[in-house]
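Undergrad: Here it is, the structure in full.
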Amino acid sequence: MESQLKTERLLRLMQMLAGPVEYTIEELGESLEMSERTIYRYLQTFEDVGFTVRRGTNVPRLITTNRRNLSIDDLVCFSREEAALVNQLLDRLDAGNSLKAGLKQKLVAVCDQTPMARIVTNKGNSEKLNSLSDAIHGKKKVVLRGYESGHSLTERDRLIEPFSFTPNYIGIVGYEPESGMCKTFKINRIKTVEVLAQDWEYEALHEEKPTDIFRMSADRPLEKIRLAMTSLAKNLLLEEYPLSAAYITEMPDPGENSKEKWLLETQICSVFGAGRFVMGLAADVEVLEGEALKDYIVSTAKYLDALKK
């Protein structure tokens, strides 16, 4: 048991050292219930087995040099959605399976679940994510160089005060002085990130934005939706959006001849994510509630129909 506990702490230390959030030696020791001496010993162990450890400051970092180009994140870390999917797969195992309980314990130990997504999952964005993480840690302003707007389809620089990442590190949430609003910026639309020497000025105005199961963010939820789904739609929803599992139930009275057996009830922040899902499976999903979503689907269908003429 003691050996297993040490292994779990070691894995969690690897996760914290490799993730985008930086921790001091003191913070690592407090979080993992280790002495500073033990942490320094583990850092030496990582170097002995081939990892590069950035030292020289009180904030160590773990840099992988694996010949197969795998980062330590790939080996021991999960995003929130990945962890949810793994949990779903484990739940399908028989209750008497001897491996099930152990795997779940390790999933909890490695991911820590608060939050699960401390990990860079998109390798091409790692430099931008690290820069943004540094800015958050140091409470610095940044310029998002060449940011491509999804609405105007234009590219321009955006000055923001970044303060949090969205689930799975798809976006960065920051306060934009120009507009006087907190906005979410997609990481893959940013060309480069420039961290400025200027400190935050508007920390009191930093507000977290809710994100729905379709990974859409907004200042506040748009509306509640209820979708009746076939088993095919339900399974595809779970595969593409694992966090939806908490909002899916069996239809109370589906009717003998009804093919919709499953019900999704959730809040959405935008019609675009849910709309794409519904329109892609139009024969397998019925919108029971959600006026904005219904209007979006109708207007999009009219537009597509006009293109055929």
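Please treat every number below as a calculation from the coordinates, not as lab data. Keep in mind that what you see is a predicted model, and the values were worked out from it rather than measured. So basically every Cβ, Gly included, is an ideal-geometry build from the backbone, and we count neighbours across all protein chains shown.
Undergrad: What Rg and what Dmax come out for the range 192-266 when only alpha-carbon atoms are used, in angstroms?
TA: Rg then Dmax for the range 192-266, in Å: 19.2, 66.
Undergrad: What ranking, highest mean first, results for peptides 265-275, 237-247 when packing means the other Cβ atoms within 10 Å averaged over each residue?
TA: Order by mean packing, descending: 265-275, 237-247.
Undergrad: Using a Förster distance of 25 angstrom, determine the FRET efficiency expected from the C-beta separation of Leu196 and Val53, and round it to 0.05. Write down the numbers at each step before the final one.
TA: On the way: r = 28 Å, r/R0 = 1.13.
Taking R0 as 25 Å, the efficiency between Leu196 and Val53 is 0.30.
Undergrad: What value in Å³ per residue do you get for the convex hull of the alpha-carbon atoms in the range 123-205? Mind dumping the intermediate values first?
TA: Working: hull volume 7.4 nm³, N = 83.
Measuring per residue, one finds 90 Å³ for the Cα hull of the range 123-205.
Undergrad: If you don't mind, there's one more thing I want to ask. For the range 123-205, what relative contact order do you get, as a whole percent, if you take Cα pairs closer than 8 Å and at least 6 residues apart?
TA: 34 percent
Undergrad: On a 27 Å Cα-Cα criterion, which of the cross-link pairs Lys139/Lys209; Lys209/Lys294; Lys140/Lys224 come out too long?
TA: Violating the 27 Å limit, Cα to Cα: Lys140/Lys224.
Undergrad: Continuing with this model, one more query. Evaluate the distance, in nm, between pseudo-label points positioned 7 Å from the Cα of Leu159 and of Asp253 along their respective Cα→Cβ axes.
TA: 6.1 nm
Undergrad: Can you compute the FRET efficiency between Glu27 and Val143 using 1/(1 + (r/R0)^6), with r the Cβ-Cβ distance and R0 = 22 Å? Round to the nearest 0.05.
TA: The value I calculate is 0.20.
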